[in-house]
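Q: I'd like to ask you about the structure that follows.
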Amino acid sequence: MTKNKNLLSWGLVAAVLLFVAVSAFAPRTSTRLGRGATAIAADRDLTPDDIEAALKTYMPSGRHDDYIMFSSGGHAGQVFVIGLPSMRILKTIGVFTPEPWQGWGTGAQDTMDILADGAVDGIEITWGDTHHPALSETGGEYDGQWLFINDKANARVALIDLKDFETKQIVKNPIAINDHGGTKVTPDTEWVIEGGQYATPLGYEYAPISDYADSYRGMVTFWKFDRLAGRIDKSASFAMELPPYWQDLCDAGKKVSEGWVVCGSFNSEMATGGIEDGNPPFEAGASQRDMDYLHIINLDAAIRVARAGQTSDINGFPVISLERSIAENLLYLAPEPKSPHGADITPGGEYIVVSGKLDPHVTIYSWAKIQSSIRAGNHRTDSYGVPILPFDSVVEAQVEVGLGPLHTEFDNQGYAYTSLFLEPAVARWTLGGPYERLHPEKGWQLVQQIPVHYNVGHLVTAEGDTVSPDGKYLVSLNKWALDRFANVGPLLPQNFQLIDIENNGDAMKLLYDMPMGIGEPHYAQIIKADKLNPWEVYPEVGWNPTTGTIDEHAVMLGEERVERHGNTVEIFMTAIRSHFTPERIDIRKGDHVIWHITNVERAYDATHGFALPGYNINVSIEPGEALSFEFDATNDGVFTYYCTEFCSALHLEMMGYLQVRP
Ligand code: CUK
Ligand code: CUA
């Protein structure tokens with residue numbers, strides 16, 4: 001009863017709001033619309049909060065989102081591009097996994113080559129477990145130019161160009177088989193950080209696990225990004241050997257802490273499992289001690305050591321040894337409580353927030369205190385000789401935020417937001433120190449929790465890990481949607497929940513549930529949409545998206561032809577609405593085929609696809625693009641190639657015959 005009354009009165013409020021809004025434009029129809037809205041709200045059993053949420057997220061047809069979120073795809077191995085606040089998926093970017101719509105890894109030679117660069121010791125890898133996207137930054141702000149992302153499974157880093165939203169490079173970590181603590185970028189994107197995870201012998205060599213303490217090692221890799229070349233420069237990159245604790249998430253220092261990097265860790269117990277042999281299982285063995293270690297790394301000094309050549313060579317890659325790091329004061333440890341996770345640096349770089357998965361607190365380390373503790377010297381060390389800064393000398397505060405804290409981001413009003421896996425909820429709490437002037441509360445304290453559905457891993461706020469977060473929106477990246485959506489079988493979609501964090505002092509409000517049925521995204525980053533400035537079409541006809549120049553095999557109108565050199569047939573083809581030229585190709589079984597296609601169109605929406613059934617070829621040719629693929633004509637027969645994008649009224653006629661004579 002009460003609910004219905006409430007509902008009706010709020011429905012009226014909504015109707016009035018709509019009336020006011022609409023009457024400004026169309027006074028004749030407003031009354032009818034208003035009544036309709038009330039009826040719809042009553043009919044669909046919508047609460048006032050529902051109506052408010054709908055009004056805040058509804059995107060009228062044709063209107064664009066204010067923010068763009070780049071979400072990891074988890075074991076989909078891809079990146080998903082999502083508009084906020086509408087939560088509409090705008091694009092899948094093929095990264096570590098073939099993606100047929102974009103023609104990523106399904107024939108086009110350049111895409112095959114990029115994927116092949118991600119092979120591990122000669123074994124081709126056709127998937128990835130993308131975890132942490134990192135937008136490129138200038139002066140600590142997202143600049144909208146590049147996106148990096150790691151593959152946790154195989155320790156690889158990919159680079160995506162935000163001019164065309166395509167992957168340009170995959171680098172395999174030369175010393176680690178898996179990673180986790182990346183990617184993060186330094187404030188001017190000079191370095192891309194890839195932290196390790198499970199310790200192994202570096203270079204993925206063999207050593208028995210009984211030699212764990214001596215032969216197994218952690219690592220952090222610093223990839224040099226060459227912005228001018230638009231590529232990671234492997235030859236200028238290096239890694240640091242770390243103790244065989246399992247390094248976890250890293251973050252790059254900014255402002256006052258710029259030039260330094262922090263990485264959390266767990267399993268400082270150096271548990272090696274072996275429940276079969278009567279040892280504690282990993283989850284117990286790696287959780288025995290109360291404290292693990294935050295790694296504090298002087299990146300600027302490490303760069304000098306690496307450039308001076310004071311490195312060892314592992315798989316042809318320069319690595320600063322643990323001994324060298326200790327001798328050169330590159331590495332310090334600080335205790336961090338209870339199975340730590342997350343290491344997130346505040347916008348001004350003054351504090352590091354670390355969560356403890358088994359501790360209801362977040363621990364806040366002061367950068368100034370870390371520096372004075374380092375200066376004070378005279379530290380005890382771990383068993384490898386790495387100095388340990390005393391806990392009390394570096395901790396600024398601890399805030400009890402709730403159960404199972406994981407990851408923290410920030411807003412523009414001096415609040416921090418921490419995901420609580422076990423509650424599950426998102427906690428909003430106040431930053432002290434210089435942030436106190438931004439909010440009405442004093443000191444370091446929990447302000448509010450909002451339940452989420454269900455277990456949250458990462459959360460992300462708009463530009464929330466930059467030097468100037470926007471606030472406004474928070475997305476809670478929840479695992480296992482349970483009852484939130486229709487049952488689609490035992491494998492559950494994840495649930496992205498959009499939360500309004502706009503108003504200082506106001507309660508956080510849940511706005512929208514978005515099912516993610518395409519993998520288990522871990523982290524995402526949200527950028528203001530107007531910072532992105534992608535191309536509408538490639539700059540010139542014949543453009544090779546990988547080299548960023550005119551392709552040497554670009555085909556111009558009138559230059560289409562088929563050339564034969566011995567057993568090699570080379571096809572030069574153009575695509576334009578609504579035909580491929582040539583339309584008929586005769587070859588012989590056993591020929592090696594090299595096929596070049598250029599889309600000679602200049603119109604924004606004139607993409608053509610090209611599929612060659614039976615030979616596993618499927619490419620997408622955007623306006624202006626030139627690409628090539630090769631195959632051996634091992635089967636004779638008649639093969640019908642056709643355009644896979646519905647490009648015109650006569651799209652079905654955009655086809656041709658490949659005749660392979662026996
Ligand atoms: S980790 Cu997934 S919830 Cu890979 Cu960033 Cu913490
Ligand atoms: Cu070109 Cu359909």
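The values are calculated or read from the model by the stated rules, or taken from the named source; none is laboratory data. Every value quoted in this text rests on a predicted model; they were computed, and no experiment measured them. Note: ideal-geometry Cβ built from the backbone for every residue, glycine included; neighbour counts use all protein chains shown. Heavy atoms of the whole protein, side chains included, go into the accessibility calculation; ligands, DNA and RNA do not. Shrake-Rupley method; radii C 1.70, N 1.55, O 1.52, S 1.80 Å.
Q: Amide H to amide H under 5 Å from Gly471: which residues, 5+ apart in sequence or cross-chain, H placed 1.01 Å off N in plane?
A: Asn412, Ala462
Q: Need the list of lysines near Lys224 for cross-linking: C-alpha distance under 24 angstrom, and skip anything on the same chain fewer than eight residues off.
A: Within reach: Lys152, Lys163, Lys168, Lys172, Lys184, Lys234, Lys254, Lys255, Lys531.
Q: Can I ask one more? For a quick protection proxy, order the peptides 185-196, 519-530, 535-546 by their average other-Cβ count within 10 Å, most packed first. Working shown, then result.
A: On the way: 185-196: 24.2, 519-530: 21.2, 535-546: 18.2.
The packing order, highest mean first, is 185-196, 519-530, 535-546.
Q: Show log10 I(q)/I(0) for region 239-297 at q = 0.18 Å⁻¹, two decimals, from a solvent-free Debye sum over equal Cα scatterers.
A: Reported log10 I(q)/I(0), two decimals: -0.67.
Q: Over region 511-617, give the accessible area per residue in Å² for a 1.4 Å probe, as an integer. Walk me through the numbers before you get to the answer.
A: Details: 4870 Å² over 107 residues.
Using a 1.4 Å probe on heavy atoms only, each residue of region 511-617 averages 46 Å².
Q: Can you show me the helix-derived [θ] at 222 nm for the chain, built from DSSP H runs with n ≥ 4 at -39,500 (n - 2.57) apiece and divided by the number of residues, rounded to the nearest 500. Don't skip to the end; give the middle numbers.
A: On the way: 10 runs with 94 residues, N = 662.
Mean residue ellipticity at 222 nm (helix-derived): -4000 deg cm²/dmol.
Q: Let me ask something else about it. For the chain, give me every cysteine whose Cβ has no other Cys Cβ within less than 4.7 Å, ordered by residue number.
A: Among the cysteines of the chain, those whose Cβ sits 4.7 Å or more from every other are Cys643, Cys647.
Q: Roll a 1.4 angstrom probe over the protein heavy atoms and tell me the percent of accessible area of the chain that is carbon or sulfur. Spell out each step's value before the answer.
A: Working: 14400 of 27110 Å².
After summing per-atom areas, the C and S share lands at 53 percent.
Q: Sticking with this structure for a sec: Provide the gained length on full extension for the span Lys509 to Asp214, in nm with one decimal, where the gain is 0.36 nm per separating residue minus the Cα-Cα distance. Walk me through the intermediate numbers first.
A: Details: separation 295, 0.36 × 295 = 106.20 nm, distance 5.12 nm.
Once the chain is fully extended between Lys509 and Asp214, it gains 101.1 nm.
Q: Now a separate question. Please give the direction-averaged projected area of the C-alpha convex hull for region 577-662, in square nanometres with one decimal.
A: Working: hull surface 19.9 nm².
So the Cα hull casts an average projection of 5.0 nm².
Q: Let me ask something else. Once the Cα atoms of region 205-357 are picked out, what are the Rg and Dmax in Å?
A: Considering region 205-357 through its Cα atoms, Rg and Dmax are 16.8, 55 Å.
Q: Shifting gears a bit: Between Asp117 and Lys589, what is the label-point separation in nm under the 7 Å Cα-to-beta-carbon projection?
A: Simple spin-label model gives 3.9 nm for this pair.
Q: So what does log10 I(q)/I(0) come out to for the chain at q = 0.09, 0.11 Å⁻¹, using the Debye formula with one equal point on every Cα and no solvent?
A: Calculated log10 I(q)/I(0) at the listed q: -0.84, -1.13.
Q: Moving to a separate point now. Averaging sequence separations of C-alpha pairs under 8 Å and six or more residues apart, then dividing by the length of the chain, give the relative contact order as a whole percent.
A: On the way: 1776 pairs, mean separation 62.8, N = 662.
Relative contact order comes out at 9 percent.
Q: Using the Kyte-Doolittle scale, which helices in the chain average at least -1.0 and also have C-alpha atoms spread 30 Å or more along the helix axis, with helices defined as whole DSSP H runs?
A: On the way: long enough: 2-23 (31 Å, 1.16).
Helix filter hits for the chain: 2-23.
Q: Roughly how many debye, to the nearest 20, is the charge dipole of the chain about its Cα centre, given +1 on each Lys and Arg Cβ, -1 on each Asp and Glu Cβ, and no other charges?
A: Values: 49 positive and 87 negative charges, 328 e Å.
Using only the charged Cβ atoms, the result is roughly 1580 debye.
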